[in-house]
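The values are calculated or read from the model by the stated rules, or taken from the named source; none is laboratory data. Not measured: the values here are computed from a predicted model. When we count neighbours, we look across all protein chains shown, and the Cβ atoms used for this are built from the backbone with ideal geometry, even at glycine. Note: areas computed on protein heavy atoms with side chains; ligands, DNA, RNA excluded. Shrake-Rupley method; radii C 1.70, N 1.55, O 1.52, S 1.80 Å.
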Amino acid sequence: HGSSFYPTPDAFVARLREAVPAQERSGLYVCNHLIVVNGEVAEGEVYALSYHLLPDAGGGRIEHKLRIRYLDSYRRDHGRWRFAKRTMVVDFHETRPVPIPSGGPLKPQDDPSYGMLQSALFRPGART
């Protein structure tokens, strides 16, 4: 995963459980996704933009912006496509301080999506 290595899926999930709660905002925006299928195997490249807004040690905020690519190998296993290997390449990474807007960050209850979108998928809070 970029310059970070996690020896097992459980180690990667543990890192996510540590990192995600600290993020005020976060997003991964998938752009182009090109796959070439050759029988029971395939390969692909995915372009994506990643954005994270985090508190800094001094009470302010920093943002991380990345342009990334995933280089993937896939295999068909009992009729279902699975990842065989994924390598993440960071083409651009910027970290910079950002000011806190007047009035503070948007509170979840003030976000219009929570009033308009009624499905449980869109409710704030942990997913189970």
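The set of residues in the range 47-104 that are within 21 Å of Y6 (Cβ to Cβ) and touching a helix residue (DSSP H, G or I) at 6+ places or on another chain (Cβ under 8 Å) contains only L54. Filtered by the rule that a residue be part of a strand (DSSP E or B) and either within 21 Å of D111 (Cβ to Cβ) or of a type in the set (D, E, K, R) (or both), the range 6-30 gives R25, S26, G27, L28, Y29.
For the range 38-78, the tally of residues that are surrounded by fewer than 15 Cβ atoms within 10 Å (Cβ to Cβ) and either at positive phi or touching a Phe, Trp or Tyr at 6+ places or on another chain (Cβ under 8 Å) (or both) stands at 10.
Every test in (1) under 13 Å from the mean Cα position of the chain (by Cα); (2) open to solvent by less than 50 Å² (accessible area, probe 1.4 Å) is passed by A11 save one, and that test is (1). The residue pairs whose first member lies in the range 57-86 and is without any contact (Cβ under 8 Å) to a residue 40 or more places away in the chain, whose second member is open to solvent by less than 50 Å² (accessible area, probe 1.4 Å) and aromatic (F, W, Y), and whose beta carbons are closer than 8 Å, counting only pairs six or more residues apart or on different chains, are W81/Y74; R82/Y74; F83/Y74; R86/Y70.
H33 - would you say it is open to solvent by 60 Å² or more (accessible area, probe 1.4 Å), under 30 Å from K107 (Cα atoms) and touching a strand residue (DSSP E or B) at 6+ places or on another chain (Cβ under 9 Å)? Steps first, answer last, please.
Working: open to solvent by 60 Å² or more (accessible area, probe 1.4 Å): yes; under 30 Å from K107 (Cα atoms): no; touching a strand residue (DSSP E or B) at 6+ places or on another chain (Cβ under 9 Å): yes.
In short, no.
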